[in-house]
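What follows is a set of notes on a single structure, which appears directly below.
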Amino acid sequence: MTNASISNQPHRAMWLIWFLLFAGLPALVARWEARAPAADAARAALVQQARLKRPTTAAPVVQPVELYALDSNQARAFNEAVPFSRLPNPAARPFVFAGSEADLARATDCLAAAQLYEAGDDAVGERAVAQVVLNRVRHPAFPKTVCGVVFQGQERSTGCQFTFTCDGALATTPGQAAWDRAREIARAALAGKVFKPVGYATHYHTDWVVPYWSGSLDKIAAVGTHLFFRWRGWWGTPPAFRLARESIEPMIPRIARLSIAHQQGIGGLPAILLPGNGDALAALTAKPQEAIGAESLGRIMGGVRLIAIAPGAKSFLVELSKAAAPESWPMMAQTFCAGRPECRIMAWRAGSAPAGFPLSGDQMESMSFAYIHNAGTGLQRALWNCQQDPRENKAECMRQRVPVEQVNVPPPLTGVRRKERFETVKIVPPTAPVTGNSE
């Protein structure tokens, strides 16, 4: 009886085994799981350390992109399967443009054109586009000016860096209100406003296409239906975005009808000082400023009819009087430009004046007279259309518009771009790889 009772008792070793199973094993598992994040953090630190080491090779070469021949559903599935980078995505440093007023005006309008034609009239999309452009300006793989970045590859029929510069989209004229909003966003970006979500991204595309380069860059952000990428390794880190940029922005005649800053004959000539040198300009800008607003449109002022006023009241379109002699036209500055540090006047003979902004190439060609001054730089000049009114001093003649090779223009768009599009890659049928762009 006693022996039987003793034999039914668990052995002391079994108690130890049960204790290890029910208490020790969960503790070991918990300890192992606690080590996993630490190991991941250590690996991330090593990767980050490797990224911060500057390579000895040159900056990556940017080539026109090719797309995988996938339909939109396949592309979306592919893009969704690509994980976002787990490395930090710091915001870009503020970009503050340094240069003359003329160069700032050109950079502003190039950036605004990229925003509007790529993103449509959508503030978030436009800010994202602007940030990518400015990131490129700072990166050694791209041109060193805003206009140079935006219009890189514009000479190609396909494969330009921003699609709108070579696919005929510039034939579509944006509304004045949309253009003004785009310019305000561009001015803010060039004055240091940062769009933080895209960090140091230099590439982007919609989620319904798959460029070949998407597998070689880090996916770091999504804005709407668009995915943003940066270079892997050191070339995608903040130290890589410190290349000295150029402040002299090139003129882009292809957007001259939208931008006074890019118009031939006004921005492309050296300064021609009017009689009286800098003292005359100082005296003119020191005079009381005329109140010229919407109520003045259509009125006769200074012997001419006011047609349109650009935002900021720095530029005026006017229709000349039939009776006024060409030598008297610079006197308009006494009415329109007095008291204004910056001022532009664009004038047409009666019967040929446009209705307002923006201007077409033919309207620019028919302009009869232009005046411009900038008190900050001391610039003051008057230019005549010498095909209409010959001048003895040829330096006073406007440059005639340089013919631009025409490209095949697609059917008219219902807007500048569909609102949801601000990609810089082309959407193609799922046949074979085609050449697109590298955004």
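The values are calculated or read from the model by the stated rules, or taken from the named source; none is laboratory data. Since the structure is predicted, the reported quantities are computational estimates derived from the model, not experimental observations. Here Cβ is always computed from backbone atoms with ideal geometry, including for glycine, and neighbour counts include all displayed protein chains. For accessibility, only protein heavy atoms count, side chains too; no ligands or nucleic acids. Shrake-Rupley method; radii C 1.70, N 1.55, O 1.52, S 1.80 Å.
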- Spacing of the two label points (7 Å from each Cα toward its C-beta) at ALA77 and THR57, in nm: 3.3 nm
- Message: List the residues, sorted by chain then number, that are 5 or more residues from GLU66 or on another chain and whose placed amide H is less than 5 Å from its amide H.
- Response: TYR212, TRP213, GLY436
- Per residue of the stretch 298-303, in order, report the coupling 6.51 cos²θ - 1.76 cosθ + 1.60 (Karplus, θ = phi - 60°) as ³J(HN,Hα) in whole Hz, putting x for Gly and Pro. x, 7, 8, 9, x, x
- Query: Taking N as the number of residues in the stretch 136-253, what is its alpha-carbon radius of gyration divided by 2.2 N^0.38 Å?
  - Reply: 1.14
- Query: Whose amide H sits under 5 Å from the amide H of MET301, counting only residues 5 or more places off or on another chain, with H placed in the peptide plane?
  - Reply: LEU306
- Surface accessible to a 1.4 Å probe, LYS314 within the full protein complex, Å²: 90 Å²
- Between PHE164, GLY153, VAL194, whose Cα lies farthest towards the positive end of the dipole of the stretch 141-223 when Lys and Arg beta carbons carry +1 and Asp and Glu beta carbons carry -1, centred on the Cα centre? VAL194
- Item | Protection-proxy order for peptides 359-368, 69-78, each taking the mean of Cβ atoms within 10 Å per residue, highest first | 359-368, 69-78
- Taking alpha-carbon centroids only, the stretch 274-348 lies from the stretch 72-92 a number of Å equal to 54 Å
- Item | Accessible carbon and sulfur surface of the stretch 118-211 relative to its total accessible area, %, 1.4 Å | 52 percent
- Task: Give me the number: length gained by fully extending TYR212 to ALA123, i.e. 0.36 nm times residue separation minus the C-alpha to C-alpha distance, one decimal in nm.
- Result: 29.2 nm
- Sort the following peptides by mean Cβ neighbour count (other Cβ atoms within 10 Å, averaged over residues), highest first: 112-119, 236-243, 292-299. 112-119, 236-243, 292-299
- Message: Per-residue counts of other Cβ atoms within 10 Å, averaged by peptide: what ranking do you get for 215-228, 165-178, 84-97, highest first?
- Response: 215-228, 165-178, 84-97
- Message: If each residue of separation counts as 0.36 nm, what is the full-extension length gain between ALA171 and GLU327 once their alpha-carbon separation is subtracted?
- Response: 52.5 nm
